[in-house]
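Worksheet for the structure shown next.
The values are calculated or read from the model by the stated rules, or taken from the named source; none is laboratory data. If you're wondering where the values come from, they're calculated on a predicted model, not measured in any experiment. Here the Cβ is made from the backbone with ideal geometry for all residues, glycine too, and neighbour counts use every protein chain on show.
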Ligand SMILES: C[S@@+](CC[C@H](N)C(=O)[O-])C[C@H]1O[C@@H](n2cnc3c(N)ncnc32)[C@H](O)[C@@H]1O
């Protein structure tokens with residue numbers, strides 16, 4: 001059971017300096033997006049308790065902030081499992097009022113996965129079960145290995161992707177291939193994210209090869225870098241976020 005699932009604030013506070021550099025927002029604006037997570041967090045705790053943290057991208061709340069701040073039209077992630085990262089990305093897209101997420105992953109619940117945490121509470125669940133019906137209209141669920149499904153998905157729309165997240169198999173060949181495919185598909189100024197960036201040399205090699213010197217590491221292993229081009233540093237200040245209160249107290 002991961003304590004970061006019960007209180008999102010520590011991971012946000014350690015990540016805030018990097019998020020501010022990356023997004024070019026004021027602290028008030030950024031905290032406003034984070035504070036929106038209070039009701040979402042309470043709903044998740046009521047629905048699933050500790051189960052959501054099993055095998056999940058525990059930094060998914062930071063993904064919520066990034067999606068709210070950059071308002072992407074098209075997001076692609078690899079690695080679905082229960083769908084915790086998908087749930088929080090989709091909550092943000094729904095709040096934005098536009099945008100689509102495609103998630104590619106093995107159906108770990110149908111196949112089983114060596115080493116994957118399988119609490120009894122997951123018996124009978126299907127891949128992506130954390131995504132409720134109300135969020136599925138903005139979601140494409142693609143079952144399969146990223147090696148097989150990602151080239152066609154990204155190759156069909158080069159330069160149109162706004163955000164990519166690697167969270168599938170954290171092994172060198174898969175990480176390297178996903179970064180390369182994503183870099184070709186991302187628009188100028190698009191965001192590339194990767195979980196477990198220290199699992200192999202692939203992230204460091206990719207940054208060096210592409211001469212991307214302004215990558216951030218959020219919450220100790222979530223890498224994020226903006227591709228060169230017409231960077232849009234987040235939204236202009238809006239009335240709803242300009243007066244954001246200090247970070248909310250714990251909701252649990
Ligand atoms: C860390 S989990 C993903 C967690 C998910 N992002 C979340 O927040 O709930 C990684 C998942 O990737 C899947 N996976 C493993 N190898 C894969 C591959 N080659 N392509 C796509 N998915 C893969 C595993 O079955 C596992 O469920």
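Restricting attention to the stretch 65-82, does a residue exist that is at pLDDT below 95, buried (at least 20 other Cβ atoms within 10 Å of the Cβ), within 8 Å of the ligand (Cβ to nearest atom) and farther than 16 Å from residue 166 by Cβ? Before you say what the answer is, go through the steps one by one.
Narrowing the stretch 65-82 to residues at pLDDT below 95: 81-82.
If we keep only those that are buried (at least 20 other Cβ atoms within 10 Å of the Cβ) too, we end up with 81-82.
From the residues that got through so far, the ones that are within 8 Å of the ligand (Cβ to nearest atom) too are 81-82.
This time we only want the ones that are farther than 16 Å from residue 166 by Cβ, so: 82.
Checking the stretch 65-82: at least one residue is at pLDDT below 95, buried (at least 20 other Cβ atoms within 10 Å of the Cβ), within 8 Å of the ligand (Cβ to nearest atom) and farther than 16 Å from residue 166 by Cβ.
Just to be sure I understand, how many residues within the stretch 6-21 are under 15 Å from the mean Cα position of the chain (by Cα) and in a helix (DSSP H, G or I)? Break it down stepwise before answering.
Initial filter on the stretch 6-21 (under 15 Å from the mean Cα position of the chain (by Cα)): 8, 11-12, 15, 19.
Among the residues that remain, those that are also in a helix (DSSP H, G or I) are: 11-12, 15, 19.
Summing the residues that are under 15 Å from the mean Cα position of the chain (by Cα) and in a helix (DSSP H, G or I) in the stretch 6-21 gives 4.
Suppose we keep only residues that are exposed (fewer than 15 other Cβ atoms within 10 Å of the Cβ) and without any contact (Cβ under 8 Å) to a residue 24 or more places away in the chain within the stretch 1-37. Which one would you say is nearest to residue 57 (Cα to Cα)?
Step by step, filter the stretch 1-37, then rank; the result is 3.
Tell me which residues, restricted to the stretch 137-162, are assigned to a helix (DSSP H, G or I) and without any contact (Cβ under 8 Å) to a residue 12 or more places away in the chain.
Hits for the stretch 137-162 are 137, 148, 152.
Show the residue pairs meeting these rules: Cβ distance below 6 Å; 6+ apart or different chains; first residue within the stretch 48-63 and farther than 21 Å from residue 35 by Cβ and more than 8 Å from the ligand (Cβ to nearest atom); second residue in a loop (DSSP other than H, G, I, E, B) and at pLDDT 70 or above.
53/2
Table: residues versus (1) in a loop (DSSP other than H, G, I, E, B); (2) touching a residue at least 40 places away in the same chain (Cβ under 8 Å); (3) surrounded by 15 or more Cβ atoms within 10 Å (Cβ to Cβ).
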| residue | (1), (2), (3) |
| --- | --- |
| 164 | no, yes, yes |
| 173 | no, no, no |
| 179 | no, no, yes |
| 182 | no, yes, yes |
| 209 | no, no, no |
| 213 | yes, no, no |
